[in-house]
Structures are given as C-alpha cells and as structure tokens.
Amino acid sequence: MSKLITGLFLLFSISIAFSQTQQIDLTQTSGAIDKTSLTLEAGQYQFNISNDGVGHEVGFVLVPKGKYEAADHIKEAYVTAPVKDGKNSLTKVVSLEAGEYEYFCPLNPTPKYALTVVDEVKTVKLTQAPGVFKTTNLSLKTGAYQFNIANDGVDHEVGFVLVPKGKYDAANHIKEAYVKAPVADGKSSLTNVVTLEAGAYEYFCPLNPTEKYSLEVED
C-alpha cells in the first residue's frame, strides 16, 4: 500500500510540474525568428520551434546574455530533434531564473535575440464593449505586464493596440502587446509580456473601433 501511495504521489507531482510549464512558440524563416525579443516571468518553459521555409533543418540555442560558447548553451533548450522544413519540435523543459538571455539558431543562421526573465509579471484586465473600453485611462508603475483583453458584447472579434503617445502607425505598435488570438464576444485573450518604461502611451482597438485612451507609466 505504501508503494502505491508513493507512486500516486509521484505521478501527481509530475502532473503538477507539467501543468505549470508554459509553451513558447517560435517560428523560423530564412535567417530570422518571428519573435525578435521576449520577456517572460521566471518559471518553467518549453520552446516549440517551427521551420517555415528555411529549406533545411534548423535548431535552437539559448544562452545567458553574451555567452556563446557551446559550454554555455542551456542544454535543456536544445530541440529534441532537428526541425525539418514544414515541421516543428519541442525543447525539453527549461527552468528560467530572472536575468538576461539570448536565443538564436546557428544552423539558419539568425541574429541573436534578447530574452528577459523577470521575477513578476502583473496582469491588467481591460474589457471592451461596443465602441469603448470600460477602463478609460490607466496609470501604472514601470515593470512587466500582460494585458487580458475581454470582449463584452462586441458582436465580432476585437484586438488591442498599445503605442507610445501620438505614434499610431503600424511600425510604432508595441508588438508584444498584441493579443495572442483575436477576441470573440464573451471571450478573452492575453497579450505577450510587455516591459513598460516610464512615459506616456495610448491604447485602443481599431477593430471595435474605440477612441485612444491614455496610459501613464511612472517610476
């Protein structure tokens, strides 16, 4: 009986560990990775690496910032199998502590992209009704945030755009603040993690559409 209880406990512990592991999807094209920077909360991650048109196998390397020798590679972040064109492969589970990292593919090859890991990510919920956000202005402290965008009564999908104040062109959109999936009525979607520095920003939804609302970030 004691062996059975021990076995069940181990299975339960493994199940909890995997439920707390988050998956990060990264797609490689010729000479590039689609997400050119990442901010994550300290924790456990698997990277899902896809090959979209590179024409040969690719891989994935994650290192502490500035340390590129093979001995510095975080071995758990290697893909479990080389990624052929049109395929994808997962890394093992990587435990990331707060700090600065870089990721790249030497087989593609790609530039080295910044990955910042922070101790805490705060979540800000913003709800859209037809033509408006219910929260009309925001004041936040500098730090790492995810925006949880909810759709309450808009009869089509909505999104979220965050920009430095007065800069509305697509090139100025803070790409990390895009929702991960369009938000249907009655649903919600998170953005990626956005690192906000002190300054003036605006947020809006061009799909609703809404006016532009003020977001002030202070130290």
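Any read-out appearing in this document is the output of simple, stated calculations on the displayed coordinates, not a laboratory observation. Just so we're clear, the structure is a prediction, and the values are computed from it rather than from any experiment. Every residue, glycine among them, receives a Cβ derived from its backbone with ideal geometry; neighbour counts consider all protein chains shown.
General observations
- Annotation for region 87-156: GluC sites (Glu not before Pro) lying in DSSP loop with at most 15 further Cβ atoms inside 10 Å of their Cβ are Glu97, Glu120.
- Distant-in-sequence amide H partners of Leu138 (H built 1.01 Å from N, under 5 Å): Ser214, Leu215, Glu216
- Cβ charges +1 (Lys, Arg) and -1 (Asp, Glu), total dipole of the chain, debye: 420 debye
- In region 167-219, a dipole from Cβ-located charges (positive for Lys and Arg, negative for Asp and Glu) runs towards its positive end, and of Ala181, Leu196, Val217 it is Ala181 whose Cα lies farthest in that direction.
- Folded to 0 to 90 degrees: helix 2-19 orientation relative to the chain principal axis, Cα: 50 degrees
- Potential lengthening between Lys92 and Tyr68 on full extension [0.36 nm per residue; Cα-Cα distance subtracted]: 6.7 nm
- Most mobile listed residue (Lys65, Lys167, Lys112) in the chain, GNM with C-alpha springs under 10 Å: Lys167
- Positive dipole terminus of the chain, leading residue within Tyr145, Leu162, Val54 (C-beta point charges): Val54
- Taking amide H as placed 1.01 Å from N in the peptide plane, the amide H of Val79 sits under 5 Å from that of Phe60, each at least 5 places away or on another chain.
- Alpha-carbon centroid distance for the pair region 153-187 / region 199-219, whole angstrom: 10 Å
- For region 92-151, the relative contact order works out to 29 percent when only alpha carbon pairs closer than 8 Å and six or more residues apart are counted.
- Residue-count net charge about Lys187 - beta-carbon cut-off 14 Å; Lys, Arg +1, Asp, Glu -1: -2
- Reference-scaled alpha-carbon Rg (2.2 N^0.38 Å with N residues) for region 66-194: 1.33
- Region 20-118, dipole about Cα centre (Lys/Arg Cβ +1, Asp/Glu Cβ -1), debye to the nearest 20: 120 debye
- Across region 78-86, computed HN-Hα scalar couplings (Karplus, 6.51 cos²θ - 1.76 cosθ + 1.60, θ = phi - 60°) run 5, 5, 6, 8, x, 9, 6, 3, x Hz from first to last residue, x flagging Gly and Pro.
- Out-of-range pairs (alpha-carbon distance over 31 Å; input Lys75/Lys125; Lys67/Lys167; Lys75/Lys175; Lys87/Lys112; Lys35/Lys165; Lys75/Lys167): Lys75/Lys125; Lys67/Lys167; Lys75/Lys167
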